[in-house]
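Undergrad: Below you will find the structure I want to go over with you.
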Amino acid sequence: MNENEQWSSRLGFILAAAGSAIGLGAIWKFPYTAGQNGGGAFFLIFILFTLILGLPLLLAEFSIGRTAQSNAVDSYKTISPESKWYRVGIMGMITSFILLSFYSVVGGWIISYLYKAVTGELTGLSSDEYAQVFGSTISNPFVSVFAQFLFIILTILVVARGVEKGIEQASKIMMPALFILFIILVIRAVTLDGAVEGITFLLQPDFSKVTSQTILEAMGQSFFTLSVGVSVMVTYSSYLPKSQSLPRSAFSIVAMNIFIVLLAGLAIFPAVFAFDLEVGAGPVLLFNVLPTVFSQLPFGMLFFIAFLVLFLFAALTSAFSMLEIIVSVISKGNLDLRKKWAWIIGFAIFIAGIPSALSYGLLSDVTLFDKTIFDLADYAVSNVLLPIGALLIALFVPRKMKKSALYEELKRGSSLKKGLFETWYFLIRFVAPLLILFVMLDVLEIW
Ligand code: PHE
């Protein structure tokens with residue numbers, strides 16, 4: 001790692017790591033996946049997975065990164081030389097590549113909507129008309145590919161400049177602003193006529209709708225929203241000075257994440273029911289519902305534009321981390337190489353993402369396992385690659401890192417109680433591998 005590339009403060013690190021975590025996963029993916037999986041039960045299972053798997057895994061990635069002080073691949077090599085564990089990092093790079101290829105498509109949707117909102121095309125429409133406008137936007141091949149391209153370019157520009165300068169500064173203003181706007185939105189949504197049904201949908205679990213598929217998706221969702229399983233958090237924590245507390249950082253990231261997921265749910269579901277929209281609409285859900293909620297606010301369009309800007313920012317801070325992990329491995333702290341590779345990899349991801357961008361238009365009939373290319377990429381990342389990555393990390397940490405050294409690393413800068421450490425160790429060593437395997441195999445119905 002480059003010596004200079006340290007976060008300037010603990011807050012800087014938390015904001016950047018939280019920036020990676022909070023993004024489309026919490027705001028866009030959670031509501032539509034919960035909508036398709038029955039609501040409350042999915043939400044509850046998601047929270048449980050976040051606490052018993054996501055949080056411990058986040059801490060595991062943090063310990064790897066800060067112990068080794070290196071990128072996603074070399075960290076594994078430093079801790080376990082002469083072994084093949086570094087392939088976990090390579091797998092993380094591949095996962096990030098696929099992830100960003102479709103993530104940028106949704107980022108592009110935000111950009112297109114922003115354009116339409118600013119040019120007044122969205123003013124004064126009915127909720128059905130919003131859905132129509134959105135549908136025709138994302139099915140237009142030129143618009144969707146061009147918007148995806150713009151999103152990737154924004155991502156490249158920041159990653160090419162390097163960690164500290166690029167990512168940290170803007171987060172300090174944008175993230176709190178996003179929280180505030182979300183709270184305003186939730187207040188409006190839950191006071192709509194007929195909101196109660198939506199609140200009940202989100203908060204009252206109905207376990208009759210739970211299948212092994214629901215459980216897998218809730219687990220994938222918890223990894224997705226915390227950015228674990230791809231070694232992104234290994235990379236980010238390698239930039240963190242030794243004096244900072246890892247557990248405290250992990251707790252605050254998890255808390256922020258759960259809070260924003262809850263806010264997203266409370267902004268969307270009441271409106272879905274109040275306006276009689278389709279709760280299982282899939283990836284378009286948020287984009288169909290939110291403009292209607294905003295239209296119920298005074299100066300709604302202005303708020304909507306502000307929201308889209310902040311939402312775009314949240315998506316970008318996650319996208320940076322995906323490109324960052326790949327570029328940091330290849331450029332190894334060399335600034336010229338970083339610039340060059342940010343462009344090369346970014347461009348390759350753009351090309352790889354074009355079929356996903358066309359999945360709602362030209363290629364909407366191209367399906368495999370009953371899924372479009374977009375859905376397939378999303379499914380493969382969330383429900384296959386992230387869980388496998390997480391499983392491998394859970395196997396790596398207790399096997400290749402000394403328990404006493406882990407305790408020392410996690411204790412730095414904090415007064416971590418031994419009991420809490422033991423709980424974490426138990427979760428990582430026994431619960432995480434078994435539970436992840438069980439949930440994955442259960443879907444395959446092999447027993
Ligand atoms: N956590 C990000 C989000 O919710 C997605 C992500 C996953 C980012 C894995 C990096 C690595 O949007």
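Any read-out appearing in this document is the output of simple, stated calculations on the displayed coordinates, not a laboratory observation. Note that the coordinates shown come from a computational prediction; the quantities given were computed from them, not determined experimentally. Glycine gets a Cβ as well: all are built from the backbone with ideal geometry, and neighbour counts include every protein chain shown.
Undergrad: Normalising by the residue count of the chain, find the relative contact order in percent from Cα pairs under 8 Å and 6+ residues apart.
TA: Worked out over the chain, it gives 34 percent.
Undergrad: Further question on the same structure: HN-Hα J couplings of region 13-20 from phi, Karplus 6.51/-1.76/1.60, θ = phi - 60°, integer Hz, Gly and Pro as x?
TA: Running phi through 6.51 cos²θ - 1.76 cosθ + 1.60 with θ = phi - 60° gives 5, 4, 4, 5, 5, 5, x, 5 Hz.
Undergrad: Report the gain in length on full extension from ASP442 to THR119: 0.36 nm times residue separation, minus Cα-Cα distance, nm rounded to one decimal.
TA: Computed gain between ASP442 and THR119 is 111.4 nm.
Undergrad: Considering the options VAL309, THR191, GLY419, tell which one lies farthest towards the positive end of the dipole of region 10-443, charges being +1 on Lys and Arg and -1 on Asp and Glu at the Cβ, about the Cα centre.
TA: GLY419
Undergrad: Given R₀ = 41 Å, what would the calculated FRET efficiency be for LEU420 paired with ARG161, taking r from the Cβ atoms and rounding to 0.05?
TA: Result of the calculation: an efficiency of 0.60.
Undergrad: Taking 0.36 nm per residue of sequence separation and subtracting the Cα-Cα distance, how much length would be gained by fully extending the chain between ILE47 and ASP365, in nm to one decimal?
TA: In short, 111.0 nm is gained.
Undergrad: Which ³J(HN,Hα) values in Hz, rounded to whole numbers, follow from the phi angles of region 332-348 under the Karplus curve 6.51 cos²θ - 1.76 cosθ + 1.60, where θ = phi - 60° and Gly and Pro get x?
TA: Once rounded to whole Hz, the list reads 6, x, 8, 5, 5, 5, 4, 4, 4, 6, 4, 5, 5, 5, x, 5, 4.
Undergrad: What are the semi-axes of the equivalent ellipsoid of region 356-426, taken as the square roots of 5 times the eigenvalues of the Cα gyration tensor, listed largest first and rounded to whole Å?
TA: So the three semi-axes of region 356-426 are 43, 12, 9 Å.
Undergrad: Next question. Enter the angle in degrees (range 0 to 90, nearest 10) between the Cα long axis of helix 169-190 and the first principal axis of the Cα atoms of the chain, meaning the one along which they spread out most.
TA: Rounded to the nearest ten degrees, it is 40.
Undergrad: Right, something else. Would you mind checking the tilt of helix 86-118 against the longest principal axis of the Cα atoms of the chain, expressed as 0 to 90 degrees and rounded to 10?
TA: So the inclination is approximately 30 degrees.
Undergrad: Per-residue counts of other Cβ atoms within 10 Å, averaged by peptide: what ranking do you get for 23-33, 390-400, 116-126, highest first?
TA: 23-33, 390-400, 116-126
Undergrad: Using a 10 Å cut-off on Cβ atoms, rank the peptides 201-214, 84-97, 354-367, 296-309 from the highest mean neighbour count down.
TA: Going from most to least packed, we get 84-97, 354-367, 296-309, 201-214.
Undergrad: Which angle from 0 to 90°, rounded to the nearest 10, does the C-alpha axis of helix 300-331 make with the longest principal axis of the chain?
TA: Relative to the chain, helix 300-331 is tipped by roughly 30 degrees.
Undergrad: Convert 25 °C to kelvin, take the viscosity as 0.890 mPa s, use the Kirkwood radius over C-alpha pairs of the chain as Rh, and evaluate the Stokes-Einstein diffusion coefficient in µm²/s, rounded to a whole number.
TA: It diffuses with D of about 112 µm²/s by this estimate.
Undergrad: Whole-Hz Karplus ³J(HN,Hα) for region 210-227, in order, using 6.51 cos²θ - 1.76 cosθ + 1.60 and θ = phi - 60°, x for Gly and Pro?
TA: Using θ = phi - 60°, the values come out as 7, 10, 5, 5, 4, 5, 4, 5, 5, 5, x, 4, 5, 5, 4, 5, 8, 6 Hz.
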